[in-house]
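Peer 1: Following this message is one structure expressed as C-alpha cells.
The values are calculated or read from the model by the stated rules, or taken from the named source; none is laboratory data. Just so it is clear, the structure is predicted and the values come from calculations on it, not from any experiment. Here Cβ is always computed from backbone atoms with ideal geometry, including for glycine, and neighbour counts include all displayed protein chains.
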Amino acid sequence: VRVAVVNTQVLFVRGGAEQLADGLVGALQGAGHEVSSIRLPFRWHPDDRILDHMLAAQLTTIPDADLVIALKFPAYHVSHARKVLWILHQHRQAYDLWGTPWQGIADDGHGRSVRRAIHDTDERLLQETTHGPHVISENVASRMRASHDVSPSVLYPPLMDVGYFCAEAEDYVFYPSRINVLKRQTLVVEAMRHVRSGVRLILAGTADTPEIEAEMESLLDDPVLQDRVRWLNRWVSHADKLDLLARSLGTVFTPVDEDYGYVTLESFTSDKPVITCVDSGGPLEFVTPGVTGLIADPEPESIAAAIDALAGDREAAVRMGQAGGEQLRERDISWSHVLDTLLST
Amino acid sequence: VRLVVADGFRPFLDERGTGPAQPLAEALRARGHEVDTIRIPAGGDDAQTALATRLTDVSDAGAMLLAVGPPAHLLVHPCKIVWCTGEDFSHGGDQPADHAGFDEARAVVADSPQAQGLVREWWPGTIELVAPLAASRTGAGSAKSVFSVLERLTA
C-alpha cells in the first residue's frame, strides 16, 4: 500500500512531533509499505498566515497515495479521499490556550474571526471524517471533545528508540527535554533550593529561545543552585541519555498541560519513577501517585518535597519505577498496534 | 547562517525531487551553514499546487531561501534565490504566479545557457549564469559559483 504520512513543518525545529512522524514512517516501511513523508511548512504570525496555511493544506493533493495518515494542524487539512487522522494536537492557541498567556492570536475582532475560522474548518473536517479521528492521548481527546462533537479514540505513540535499561540509582533526578517556558525547567531549578536530601538535578537539553537560556543561566549563577543543578546545555546523544536515565533516582517531568510526553515513557521503560505536576496533562495518564511516581503542585516547595520523598524511601522508588515499566508492557504501546489500528480504518 | 533549500517532488513517483536540493544542502552544511529543507508535494493539479505554494509564507525561516526546483520558486521569502536548472521551465511560465515568484526574487540564476534561455523566453529580468553544482563545489571552470551569489546576498 502507498501511504503518505503528512505532518506540519516548523523550519529548524525538531521535537516530539517530528520523532513521531519518523517513527511512523519507519514502522510502515518495516511492514513493507511504500511510504512518502510529506511536511507542509507552517507559520502562525501574523494571524492571517494561519488561514493561508490552512488553505494551502486543503489545496494540497497526493494523487498517488492509496492512504494518507495526517498528524498535525494545519497539515491534517490536506485533501484525500482516504485520509486517517492521528492527531497530535489542534492549533492550541485557538482552543485551550485561548485566554492564557500563550494564546498567541490577537484578542481583537480580527483575531477572534481567525479563531472562529480555525474552529469551523476543524469542525467540518472532523464531521466529514469517516476514519478516526485517532488522537495521541486522552488529554488531546478531552480538549477536542470540549470544542467539537466527536468521540476520538486514543492511540498512544510508542517510543522510537530502543536500548533503555535500569541501573542502581545514584543521587540525582533527571529532566531530559528541550528547555522552554511550557516545560517549566526553571520551576524545578527553583525547587532545588528547598531540597533537603542532598539529591541533585541534572537537566539535559538546549534552550528553545535566547530568553529562556538567559533566564536559566541567571538562575544558575546562584552558588547554592550551582552545587545542586547540572545543566547539560547541548545535544545529548541517545546513549548518554539512556545512561543518565538508567542511573537516576527518577525523572522529573513538569510541563504545562503536555499533549502526551515521551519523557514519561522513557522513564518507565528504564524502570524509573516519574515526578510530575497536577497540571502537567499527558503524564497524568501514566503516573499514579505512590504507585508509579509522585504528583506535586506546580510550586517549588511541593516539587522539592516529592524529590525528597523519592530520596527518603529508595526501595519505594525502585518499586514505583518497576510498576511504571510493567504498566507500559500491559498497555501494548507498540508500532504493530498503531499500524493495525491506522491501516484497518 | 541559517538557509532553507526548497524543491518540489512527486510523492512515490519521483522522491528524488525536481532540483539538486539534497546535494546543495549537503554542500552548504559543509561550508558551515545551518540548513533545513522544504519539499513541496507536486503531481496534482498544477494551478492548485501553484496556489498552495504561493500561500506558503516562510519569510521568518532562515536568512535566505534557495528555490532549486519548481514549484519552490513560488514560495514567499524576502531573500529568495531562484535557481533554474535543466529543463525546469521548458513549458515557460505557464502559471500566472510564475512571474510574481521570479519578480520578487533577490537573484535568479541558471546553471546552463539552455536553462537560462528557457526562462528568457517568458521572463524579462536578469538571469545570472552560474556553474553547475558539481563545478561550484570544486571551483572548476570559469563560471562563478552559486556560493558566490549567496555570499554576495548575505553580506
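Peer 1: Tell me which helices (runs of 4 or more DSSP H) are completely within segment A:192-280 and hold 3 or more residues being crowded, with 16+ Cβ neighbours inside 10 Å and among the β-branched types (Val, Ile, Thr), or say none if there are none. Please lay out each step first, then the result.
Peer 2: Numbers: elements: A:210-219, A:223-228, A:238-246, A:262-269.
Correct list: A:262-269.
Peer 1: Do any residues in segment A:53-72 that are closer than 14 Å to A:Ile118 by Cβ and more than 7 Å from every other protein chain (Cβ to nearest Cβ) have Cβ atoms under 9 Å from those of residues that are in a helix (DSSP H, G or I) and of a type in the set (S, T, N, Q), where the two are at least six apart or on different chains, and which pairs are they?
Peer 2: Partner pairs satisfying both residue conditions: A:Met54/A:Thr121; A:Gln58/A:Thr121.
Peer 1: Being part of a loop (DSSP other than H, G, I, E, B) and over 25 Å from A:Leu182 (Cα atoms) is the filter here, so list the residues in segment A:47-85 that pass it.
Peer 2: Keep residues of segment A:47-85 that are part of a loop (DSSP other than H, G, I, E, B), which gives A:60, A:62-66, A:73-74, A:78, A:80-82.
Within segment A:47-85, A:Thr60, A:Ile62, A:Pro63, A:Asp64, A:Ala65, A:Asp66, A:Val78, A:His80, A:Ala81, A:Arg82 meet the criteria.
Peer 1: With B:Ala135, B:Ala131 as the choices, which residue is free of Cβ contacts under 8 Å to residues at least 40 places away in the same chain, of a type in the set (Gly, Ala, Ser) and not in a loop (DSSP other than H, G, I, E, B)? Write out each step before concluding.
Peer 2: Working: B:Ala131 fails: not in a loop (DSSP other than H, G, I, E, B).
On inspection, the qualifying residue turns out to be B:Ala135.
Peer 1: Is it the case that some residue within segment B:46-66 is within 29 Å of B:Ala135 (Cα to Cα), touching a strand residue (DSSP E or B) at 6+ places or on another chain (Cβ under 6 Å) and more than 14 Å from chain A (Cβ to nearest Cβ)?
Peer 2: no
Peer 1: Go through segment A:108-191 and tell me which helices (runs of 4 or more DSSP H), entirely inside it, have 3 or more residues that are β-branched (Val, Ile, Thr).
Peer 2: Hits in segment A:108-191: A:109-128, A:185-191.
Peer 1: Among the candidates B:Arg39, B:Arg54, B:Arg106, which residue alone is more than 23 Å from A:Ile38 (Cα to Cα) and either touching a Leu at 6+ places or on another chain (Cβ under 8 Å) or not β-branched (Val, Ile, Thr) (or both)? Let's see the steps before the verdict.
Peer 2: Values: B:Arg39 fails: more than 23 Å from A:Ile38 (Cα to Cα); B:Arg54 fails: more than 23 Å from A:Ile38 (Cα to Cα).
Being more than 23 Å from A:Ile38 (Cα to Cα) and either touching a Leu at 6+ places or on another chain (Cβ under 8 Å) or not β-branched (Val, Ile, Thr) (or both) holds for just one of B:Arg39, B:Arg54, B:Arg106, which is B:Arg106.
Peer 1: Mind telling me which of the residues B:Gly69, B:Gly86 ends up being crowded, with 17+ Cβ neighbours inside 10 Å and at pLDDT below 90? Explain how you work it out, then say what you get.
Peer 2: Numbers: B:Gly69 fails: at pLDDT below 90.
On inspection, the qualifying residue turns out to be B:Gly86.
Peer 1: Give me the residue from segment B:72-83 that is crowded, with 21+ Cβ neighbours inside 10 Å and without any contact (Cβ under 8 Å) to a residue 60 or more places away in the chain and, out of that set, nearest to A:Met54 (Cα to Cα).
Peer 2: Going through segment B:72-83, the residues crowded, with 21+ Cβ neighbours inside 10 Å turn out to be B:72-75, B:77, B:80-83.
Narrowing the set further to residues that are without any contact (Cβ under 8 Å) to a residue 60 or more places away in the chain leaves B:73-74, B:80, B:82.
Numbers: B:His73: 20, B:Leu74: 17, B:Lys80: 23, B:Val82: 25 Å.
Within segment B:72-83, the match that is nearest to A:Met54 (Cα to Cα) is B:Leu74.
Peer 1: Report, by residue number, each residue of segment A:296-345 that is among the β-branched types (Val, Ile, Thr) and either without any contact (Cβ under 8 Å) to a residue 24 or more places away in the chain or assigned to a helix (DSSP H, G or I) (or both). Break it down stepwise before answering.
Peer 2: The initial filter retains those residues of segment A:296-345 that are among the β-branched types (Val, Ile, Thr), namely A:303, A:307, A:318, A:333, A:338, A:341, A:345.
Result: A:Ile303, A:Ile307, A:Val318, A:Val338, A:Thr341.
Peer 1: If you check A:His80 against the conditions, is it free of Cβ contacts under 8 Å to residues at least 60 places away in the same chain and within 14 Å of another protein chain (Cβ to nearest Cβ)? First the steps, then the outcome.
Peer 2: On the way: free of Cβ contacts under 8 Å to residues at least 60 places away in the same chain: no; within 14 Å of another protein chain (Cβ to nearest Cβ): yes.
Taking the combined requirement at face value, the residue does not satisfy it.
Peer 1: Quick one: in segment A:184-214, which of the residues that are in contact with a strand residue (DSSP E or B) (Cβ under 7 Å, 6 or more places away or on another chain) and among the polar types (S, T, N, Q) is farthest from A:Ser280 (Cα to Cα)? Spell out the reasoning first.
Peer 2: Filtering segment A:184-214 down to residues in contact with a strand residue (DSSP E or B) (Cβ under 7 Å, 6 or more places away or on another chain) leaves A:185, A:188-189, A:192, A:199-208, A:212-213.
When the remaining residues are screened for being among the polar types (S, T, N, Q), the result is A:185, A:206.
On the way: A:Gln185: 13, A:Thr206: 21 Å.
Out of the qualifying residues, it is A:Thr206.
Peer 1: Let me ask you something else. Given (1) more than 10 Å from every other protein chain (Cβ to nearest Cβ); (2) among the aliphatic types (A, V, I, L, M); (3) buried (at least 19 other Cβ atoms within 10 Å of the Cβ), where does A:Ile38 come up short, assuming only one miss?
Peer 2: Status for A:Ile38: all satisfied but (1).
One line per residue, one yes/no per condition, for (1) β-branched (Val, Ile, Thr); (2) modelled with pLDDT under 95:
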| residue | (1), (2) |
| --- | --- |
| A:Ala141 | no, no |
| A:Val162 | yes, yes |
| A:Cys166 | no, no |
| A:Ser177 | no, yes |
| A:Val181 | yes, yes |
| A:Val188 | yes, no |
| A:His194 | no, no |
| A:Ala204 | no, no |
| A:Leu220 | no, no |
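Peer 1: Also, quick follow-up: Among the residues in segment A:20-32, are any over 19 Å from the mean Cα position of the chain (by Cα) and within 14 Å of chain B (Cβ to nearest Cβ)? Spell out the reasoning first.
Peer 2: We begin by selecting, within segment A:20-32, every residue over 19 Å from the mean Cα position of the chain (by Cα); these are A:26-32.
Checking the rest, the ones that are also within 14 Å of chain B (Cβ to nearest Cβ) come to A:28-29.
Scanning segment A:20-32 turns up at least one residue that is over 19 Å from the mean Cα position of the chain (by Cα) and within 14 Å of chain B (Cβ to nearest Cβ).
Peer 1: Here are A:Leu11, A:Leu88, A:Leu40: which of them is part of a strand (DSSP E or B) and either closer than 23 Å to B:Thr49 by Cα or among the basic types (Lys, Arg) (or both)? Break it down stepwise before answering.
Peer 2: Details: A:Leu11 fails: part of a strand (DSSP E or B); A:Leu88 fails: either closer than 23 Å to B:Thr49 by Cα or among the basic types (Lys, Arg) (or both).
Step by step, each of A:Leu11, A:Leu88, A:Leu40 is checked, and only A:Leu40 is part of a strand (DSSP E or B) and either closer than 23 Å to B:Thr49 by Cα or among the basic types (Lys, Arg) (or both).
Peer 1: Looking for whichever is within 14 Å of chain A (Cβ to nearest Cβ), more than 14 Å from the chain's Cα centre (by Cα), of a type outside the set (Phe, Trp, Tyr) and at negative phi here; the options are B:Arg31, B:Arg10, B:Arg39. Which one fits?
Peer 2: On the way: B:Arg31 fails: within 14 Å of chain A (Cβ to nearest Cβ); B:Arg39 fails: more than 14 Å from the chain's Cα centre (by Cα).
Going through B:Arg31, B:Arg10, B:Arg39 in turn, just one is within 14 Å of chain A (Cβ to nearest Cβ), more than 14 Å from the chain's Cα centre (by Cα), of a type outside the set (Phe, Trp, Tyr) and at negative phi: B:Arg10.
Peer 1: Being loosely packed, with under 14 Cβ neighbours inside 10 Å and among the aliphatic types (A, V, I, L, M) narrows it down to one residue among B:Ala131, B:Ala61, B:Ala135, B:Ala155; which is it? Before the answer, list the steps.
Peer 2: Numbers: B:Ala131 fails: loosely packed, with under 14 Cβ neighbours inside 10 Å; B:Ala61 fails: loosely packed, with under 14 Cβ neighbours inside 10 Å; B:Ala135 fails: loosely packed, with under 14 Cβ neighbours inside 10 Å.
Within the list B:Ala131, B:Ala61, B:Ala135, B:Ala155, the selection yields B:Ala155.
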